[in-house]
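The structure appears below as structure tokens.
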């Protein structure tokens with residue numbers, strides 16, 4: 001095993017550790033709005049991992065989907081759900 | 001099922017999974033193994049089809065029929081999402097508050113918007129040569145378009161995003177993939193067989209059917225993500241559901 | 001020691017499933033499903049890695065260069081994008097749930113409503 005191979009394997013191990021920790025945090029976060037932010041970080045971590053695993057194709061789609069589309073969709077859904085909840089509570093208070 | 005029972009069932013299933021998965025992992029070839037029989041055969045086949053990006057060759061040539069299936073899942077998910085997100089009869093459109101945008105953000109957005117769209121087109125077009133293709137390029141095109149929302153406001157985004165056009169483009173992209181498969185049948189080969197001229201290895205025109213299918217998939221993914229995001233944005237920003245309206249009139 | 005790379009994928013799968021089972025908010029359930037899904041990409045790509053291999057493109061490298069396995073990359077690549085649209089479909093169902101039943105807590109859904 002040559003030196004560069006060893007370095008790239010340490011890099012992979014470090015990125016994998018980052019991904020595992022971020023995924024654990026993301027799965028255990030209760031508030032969906034915060035979870036969306038952690039998922040964006042997980043997307044970034046996965047992008048790094050896929051890049052060091054020599055899969056730029058997958059990294060590219062993970063970058064667009066994981067850091068932008070999925071968190072954005074979750075945030076928009078939470079916003080819609082919260083907007084109706086907040087207004088319902090306000091309405092009850094004023095009655 | 002009660003909550004306690006559900007969590008207990010999970011722990012039992014998780015224990016079984018953990019043991020079985022760990023046992024399976026010890027039987028796998030070790031990490032970084034030098035022997036990849038499927039990979040070696042796929043690479044040889046990609047050379048035969050003169051496609052420099054072997055991943056694209058696998059996706060859009062060697063297992064194109066499988067990708068057609070995945071692409072149909074995507075199309076069905078977009079269609080189902082749109083049906084669920086459309087404005088119901090008891091919902092009304094509210095006015096959108098105009099946001100204030102910092103001049104620096106506006107400048108940044110208007111510079112980046114064309115660059116991002118150009119990058120997206122480049123990535124779709126070079127799918128047979130370098131990392132990229134219809135799936136990645138489509139996502140980049142769709143998210144890039146939403147820089148208009150960040151840099152300006154919702155009205156501007158709606159102006160540069162005629163949804164009727166994107167609805168049709170989504171269907172055209174999906175239909176084009178199915179239609180391209182028929183080319184093979186027309187010349188007496190198999191469905192989705194790569195029968196177009198293969199070109200020179202490493203050139204933009206190489207790969208035969210691969211760049212054409214890439215363009216169809218790019219069109220479908222790009223417009224599909226755009227109409228999905230539009231549905232969610234409308235729900236979150238513009239549409240007032242009945243319970244929200246009751247409160248408004250009660251005030 | 002090297003099977004630790006594969007076991008990480010199993011851990012991500014389990015922790016995502018745990019989040020789904022204990023969730024009291026369907027939006028969070030969908031987020032946890034996204035975590036579970038990413039474990040499959042991690043497993044596929046670690047299985048396809050080859051020591052000393054480069055990315056499987058031969059645009060400006062010799063055709064004899066050792067590369068990593070392109071088949072697993074092709075499998076993961078399409079699913080990343082398809083998975084995002086399925087996530088969107090699930091979130092749209094969550095929105096409908098909120099509109100029709102007034103809740104996003106799966107435990108508060110008692111019985112079917114006509």
Given a Förster distance of 51 Å, the FRET efficiency implied by the Cβ-Cβ spacing of residue B:48 and residue B:164, rounded to the nearest 0.05, works out to 0.75
Evaluated over chain B, the Cα radius of gyration and Dmax, each in Å: 23.7, 71
With the Cα gyration tensor of the protein assembly as shown in hand, convert its eigenvalues to equivalent ellipsoid semi-axes via √(5λ) and list them largest first in whole Å. 38, 29, 20
Compute the helix-to-body angle for C:26-47: its Cα long axis versus the longest principal axis of chain C, expressed 0 to 90° and rounded to tens. 20
Connecting C-alpha atoms closer than 10 Å in a GNM of chain B, tell me which of B:36, B:48, B:146 has the biggest fluctuation. B:36
Provide the gained length on full extension for the span residue B:73 to residue B:100, in nm with one decimal, where the gain is 0.36 nm per separating residue minus the Cα-Cα distance. 5.8 nm
Angle, helix B:163-186 long axis vs. longest principal axis of chain B, Cα atoms, 0 to 90°, nearest 10? 20
Calculated FRET efficiency, residue B:107 and residue B:200, Cβ-Cβ r, R0 41 Å, to nearest 0.05? 0.45
Translational diffusion coefficient of chain A at 20 °C, 1.002 mPa s, Stokes-Einstein with Kirkwood Rh over Cα pairs, in µm²/s as a whole number. 140
Net length gained if the chain between residue B:22 and residue B:41 were fully extended (0.36 nm per residue, minus Cα distance): 4.0 nm
Can you tell me the orientation of helix B:134-145 relative to chain B, as the angle in degrees between its alpha-carbon axis and the longest Cα principal axis, to the nearest 10? 20
Output row, site residue B:34, 7 Å Cα→C-beta label point, backbone N cut-off 14 Å, window segment C:66-105, residues C:66-67
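Bear in mind that the values in this text are calculations on the coordinates, not laboratory data. Treat the numbers as computed from the prediction; the structure is a model and nothing was measured. As a convention, Cβ positions derive from the backbone with ideal geometry for all residues, glycine included, and neighbour counts pool all protein chains shown.
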